[in-house]
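One structure is given below, encoded as structure tokens.
The values are calculated or read from the model by the stated rules, or taken from the named source; none is laboratory data. Worth saying up front: this structure is predicted, and the values here are computed from it rather than measured. Don't worry about glycine lacking a Cβ; one is built from the backbone with ideal geometry, like all the others, and counts go over all protein chains shown. With ligands, DNA and RNA removed, areas are computed over all heavy atoms of the protein, side chains included. Shrake-Rupley method; radii C 1.70, N 1.55, O 1.52, S 1.80 Å.
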Amino acid sequence: MVDITDQRRTEPSLNQGQIATCHFFDYSPFAMFRSKLNGSEIINANEKFLELFGLTREEVIGKPFLAHYADPTQRSSILCTVNEEGRIVDAEVQFIHKNGEVRDCLASVTVFRDEGVLEGILLDVTEKKRTEAALLKTVALYRDFVEGTSDLVTQVDATGRFLFVNRNAEKYFGWSPAECVGKFAFDFVHPDDRQKTSSAFQEWVSSGTESVTFENRQLSRTGEVYDMLWTVNLCYEDDKLKQINSIARDVTIQRRLLNEQVKNQKLESLGVLAGGIAHDFNNIMTGIMGSIALARMSLDSHERLSALLAQAEGACLRATNLSNQLLTFAKGNRPVKKMVTPKELVESAISLALKGARTRSVINCDDEVWDLEADEGLMVQVLCNIMINASQAMLGEGVISIALDNVVLEKNNEQSLPPGPYVRFSFADTGCGISKDSLRRVFDPYYTTKATGSGLGLASAYSIVCKHDGHIGVDSEEGVGTTCTVLLPASSCKGHTEHGLVPRTTPAKRLDGPILVVDDEEIIRNLATETLRKLGYEVQACSSGEQAIALYHAAMTAEASFAVVVMDLTIPGGMGGGEAARRILELDPAAVLVVSSGYSNDPILADYARFGFSAVLPKPYSPADLEEVLAELTQASSLD
């Protein structure tokens, strides 16, 4: 007989433990299973396991587990580890759901050799892995955006120190992103903009501003200055500033183009004013110079008076030169273009600008520099002004280094010129240089740092170059020197064309009749009348184009046509010379017409022959100038 009292006492507690274990197995939130040691047959599985695979209990119990692996080799690896180590924890494995969907799981398996079984827990992490993958994709997307953009992206803490900068920091700050972290953002603001930026920042914080745009200049470690347009987002926590996220766009070129546009508009406005003043001034000077010249002609032997009048006439000529410089700003002072050689332009300018000076020049010219279509006289004036400035900067000594070469500009170039072939002129001196403040104003009319300067040299050069569809720029460093660069379209570019009247084909008359003078200024009409009468011509004068047409028609009717008509091109409030010339040529295709003006916004003066005129007489003119034009017309008529 065997005493089993103790066994009977422990059986209830064992049964209770088994019940608890079974309860945990069946209702666990994890997929649990029990299989034979080799995994060939599933002995038991809970509801979560059946749910994981989408199977019924009949489809699982007694069936091999191998069929559920997406990759059978994973089973072999897990079994190998379990057999060697007795367990495996959180092994990544993929199983196949009944619908064919692959599920990602973490498998933890323990071997119970005494019982000859394996027990395992499967944690479904499919959704977690999908979320992680989506998050990684989002992070990569933002990383690619932040590092791939051409903008500067920054994150600054509440004290103003960088927490993050993207790779563009190297361009705009001169430091690598890693070197920038921890540095003060305000240290990279241009000194002239720091106070403005700091004040704006304090105002944003005090007012609780969350988003704002702002513009300032950044100063790189290398000395480069960039105009930056900032979009700033301020982040707060419990009403206290936490950090600042910003994106900055480089608008340096846009600001430069805007400044260029403003400068052009200023010069254009000045051009209108200068043209009007020059027109009236040249009319007045024509009367003064003509009267002086006639007075000198009337003096027989009074040398003292003649000398004084000569001085007065010389002063008038100097005033006329000043007026002509003003005219370079006017719309109507268009260049008369022809094919020219760049090197010859430079050599002509050198002979004029450096004559008698100790300053020398050295020309470095490419062998095949392209030709230009340009107004030779105006371009020589431009180059002279540049070289005179260079010589004065070196106190009349030193060497001006001149370079000529070909360049091809691409679209959206820094000079805002149309793409294509250009000839580049560079003039470098080793003079005193120009301060940054003065450099911004070198092309402003009447701005000069020289006691004897007029301030019109570079201003007129700028205007002339623009009218040639080119660009002029100046780079300078104080104490080092200055380089002035001019870009002009090569001859392969389209030249300037205008639609006008068809050139005459009928030979001009001989100068054997009266002359008609058309001008709205009485003093000029009187001057021309007296001059022509002294030359032996009969003269009639009128003040408008309408009167000129009527007089010409009457003379033709009387068979006493005018030999020459001298016509003012611009007549305020009346028909000007251009329209009157067209109407007269309709009456008489052989009419001899001379165009005269102190200023015009019309291309007629630059290309008078295409508009039916035989000669041009720019104001102010002297009696000798008028006589010379008539002599040329007489010579041309005798050759017909």
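Confirm whether Thr341 is at pLDDT 90 or above and more than 25 Å from Pro620 (Cα to Cα). When the stated conditions are applied, Thr341 passes them. Among residues of the stretch 342-356 that are over 21 Å from Arg424 (Cβ atoms), those with a Cβ under 6 angstrom from a residue that is modelled with pLDDT of 85 or more, sequence gap 6+ or separate chain, pair up as Leu352/Cys384. Scanning the stretch 391-407 for residues that are modelled with pLDDT of 90 or more and open to solvent by less than 30 Å² (accessible area, probe 1.4 Å) yields Ile400, Ile402, Leu404, Val407.
Which of the residues that make up the stretch 550-564 are more than 18 Å from Ala528 (Cβ to Cβ) and in a loop (DSSP other than H, G, I, E, B)?
Of the residues in the stretch 550-564, the ones more than 18 Å from Ala528 (Cβ to Cβ) are 550, 553-554, 556-561.
Residues satisfying the conditions are Ala558, Glu559, Ala560, Ser561.
Only a single criterion out of (1) farther than 20 Å from Arg255 by Cβ; (2) assigned to a strand (DSSP E or B) is not satisfied by Thr231, namely (1).
Listed here are the residues, each with its yes/no results for (1) open to solvent by 70 Å² or more (accessible area, probe 1.4 Å); (2) among the aromatic types (Phe, Trp, Tyr); (3) modelled with pLDDT under 85.
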position	(1), (2), (3)
Phe25	no, yes, yes
Met32	no, no, no
Asn38	yes, no, yes
His68	no, no, yes
Val82	no, no, yes
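For the stretch 494-515, the criterion of being outside any loop (DSSP other than H, G, I, E, B) and at pLDDT 90 or above is satisfied by at least one residue.
Please find, within the stretch 545-559, the residue that is farthest from Arg583 (Cα to Cα) out of those that are among the small types (Gly, Ala, Ser) and open to solvent by less than 50 Å² (accessible area, probe 1.4 Å).
Step one: filter the stretch 545-559 for residues among the small types (Gly, Ala, Ser), giving 545, 548, 550, 554-555, 558.
Okay, now just the ones that are also open to solvent by less than 50 Å² (accessible area, probe 1.4 Å), so 545, 548, 555.
Numbers: Gly545: 9, Ala548: 10, Ala555: 15 Å.
Ranking the candidates gives Ala555 first.
For the stretch 28-84, a residue qualifies if it is aliphatic (A, V, I, L, M) and part of a loop (DSSP other than H, G, I, E, B), and the qualifying residues are Leu37, Leu55, Ile61, Ala70.
Quickly run through the stretch 221-232 and pick out the residues that are over 18 Å from Arg256 (Cα atoms) and either open to solvent by less than 70 Å² (accessible area, probe 1.4 Å) or in contact (Cβ under 8 Å) with a residue 60 or more places away in the chain (or both).
Looking only at the stretch 221-232, we keep the residues that are over 18 Å from Arg256 (Cα atoms), and these are 221-222, 231-232.
Listed by number, the residues that qualify are Thr231, Val232.
For first residues located in the stretch 12-40 and more than 20 Å from Ala107 (Cα to Cα) and among the polar types (S, T, N, Q), partners that are crowded, with 17+ Cβ neighbours inside 10 Å and modelled with pLDDT under 70 and lie 6+ apart or on another chain with Cβ distances below 6 Å do not occur.
Residue by residue, here is whether (1) out of contact with any Pro (no Cβ under 7 Å at 6 or more places or on another chain); (2) part of a strand (DSSP E or B); (3) without any contact (Cβ under 8 Å) to a residue 40 or more places away in the chain holds:
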site	(1), (2), (3)
Ala548	yes, no, yes
Val566	yes, yes, no
Gly578	yes, no, yes
Val616	yes, yes, yes
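Answer yes or no: is there a residue in the stretch 153-164 that is in a helix (DSSP H, G or I) and surrounded by 15 or more Cβ atoms within 10 Å (Cβ to Cβ).
no
Hey, any hits in the stretch 102-110 for a residue that's touching a Ser or Thr at 6+ places or on another chain (Cβ under 6 Å) and part of a strand (DSSP E or B)? The answer is yes, given that some residue of the stretch 102-110 is touching a Ser or Thr at 6+ places or on another chain (Cβ under 6 Å) and part of a strand (DSSP E or B).
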